[in-house]
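First comes the structure, then the notes that go with it.
The values are calculated or read from the model by the stated rules, or taken from the named source; none is laboratory data. Note that the structure is a prediction, hence the values are computed from the model and not measured. Every residue, glycine among them, receives a Cβ derived from its backbone with ideal geometry; neighbour counts consider all protein chains shown. All accessible areas refer to the heavy atoms of the entire protein, side chains included, with ligands and DNA or RNA removed. Shrake-Rupley method; radii C 1.70, N 1.55, O 1.52, S 1.80 Å.
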Amino acid sequence: MARESLAAKKERNRQIIAGLQQTYPDAHCELNYSNPLELLVATILSAQCTDKRVNLVTADLFKKYTVAADYAKAGRAELERAIQTAGFFRNKAKSIQACCQALVEKYQGEVPRSLEELVGLAGVGRKTANVVLGNAFGINSGVVVDTHVTRLSFRLGLTRQTDPVKIEQELVTLVPQEQWTLFSHWLIWHGRRRCSARKPDCLGCELRALCPQIGVAKSNTASDLKPT
């Protein structure tokens, strides 16, 4: 792909956003939750685990643990059993419990509404903080960079970075702030439904005319179509 000016990249991304918005008008966070605490816990559980699996785990978990104090005072072994099928359950139980203990001690059991406060909690990095702020509170604090956003932003030629923080730094210069949260949802939905890691459907892709298909095998691209 030829070197692209920042202005040209912004314009191309504006068209990418329009295409994604038209394709996925109902894009949203696919973790089930009814309040900020539930979303915080679900997002911690989602590390190296599918949203579908997390939702199966939290269906029962959220009935048993309804406030931060419930997690804080729970027996560790009991909590581990409750989340075991989400994977890495010992580390996740430790993080959830330490996080909720801090919520009780510092924030009266409530989830704070700032990036700085959230990343100070156990098990909470920028990605988790941005998920909670953007979806539970409607605060566009940044762009959530997960594996789908990492893969698609590279394929689309929006960034050459591989570090999530650096990817986010570049994406926030290309996306209007009021769309930061939705932009992540649009890329995640597109990654799950069209632009998979191993066999992206480039020929049927709504963004085909805008995508340089960086790193995609030729067998998935239009260049392999032979005239009839």
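Among the protein heavy atoms, those of residue 180 account for about 30 Å² of accessible surface (1.4 Å probe, every chain in place). Remark: the Cα gyration tensor places the stretch 76-170 in the oblate category, a/c being 1.5 or greater and a/b not exceeding b/c.
With the helix formula -39500 (n - 2.57) applied to DSSP H stretches of n ≥ 4, the chain reaches a computed 222 nm mean residue ellipticity of -16500 deg cm²/dmol.
The angle between the Cα long axis of helix 89-107 and the longest principal axis of the Cα atoms of the chain comes to about 70 degrees, rounded to the nearest 10.
Averaging 1/r over each pair of different alpha-carbon atoms in the stretch 1-113 and inverting the result gives 16.2 Å, the Kirkwood hydrodynamic radius. The 3J(HN,Hα) values that the Karplus relation (6.51, -1.76, 1.60; θ = phi - 60°) gives for the stretch 168-180 are, in residue order, 4, 4, 6, 5, 5, 7, 9, 10, x, 4, 5, 10, 4 Hz. Gly and Pro appear as x.
Based on Cα contacts under 8 Å between residues 6+ apart, the stretch 1-128 shows a relative contact order of 21 percent. Within the stretch 27-134, the GluC sites (Glu not before Pro) that combine a DSSP coil assignment with at most 14 other C-beta atoms in a 10 angstrom radius are 110. Straight Cα distances below 15 angstrom link residue 166 to the aspartates and glutamates 146, with same-chain residues fewer than 8 positions distant left out.
Rounded to the nearest 0.05, what FRET efficiency do residue 76 and residue 105 have when you use their Cβ-Cβ distance and R0 = 22 Å? The value I calculate is 0.80.
Angle of helix 51-64 to the longest C-alpha principal axis of the chain, folded into 0 to 90 degrees and rounded to 10: 20°.
Computed with a 1.4 Å probe over protein heavy atoms only, the accessible surface of the chain comes to 53 Å² per residue.
Of 10/52; 94/127; 64/94, which sit over 23 Å apart, Cα to Cα? 10/52, as the Cα separations exceed 23 Å there.
Select one label from (i) 34, 18, 17; (ii) 36, 19, 14; (iii) 26, 25, 15: the one whose number is semi-axes √(5λ) of the Cα gyration tensor in Å as derived from the coordinates shown. Recomputing semi-axes √(5λ) of the Cα gyration tensor in Å here gives the entry labelled (ii). With the simple model of a label 7 Å out from the Cα in the direction of the Cβ, residue 26 to residue 209 spans 2.7 nm.
Between residue 48 and residue 196, full extension at 0.36 nm per residue minus the direct alpha carbon distance yields a gain of 51.6 nm. Quick one: with all protein chains in place, what share of the accessible area of the chain is carbon or sulfur, to the nearest percent (1.4 Å probe)? Ligands and nucleic acids excluded, carbon and sulfur give 51 percent. Taking only the Cα atoms of the stretch 125-228, the radius of gyration and Dmax are 14.8, 54 Å.
Here each label is just a point 7 Å from Cα along the line to Cβ, and for residue 10 and residue 137 those points are 2.8 nm apart. Qualifying trypsin sites (Lys or Arg not before Pro) in the stretch 176-219, where qualification requires a DSSP coil assignment and no more than 16 other C-beta atoms within 10 Å, comprise 198.
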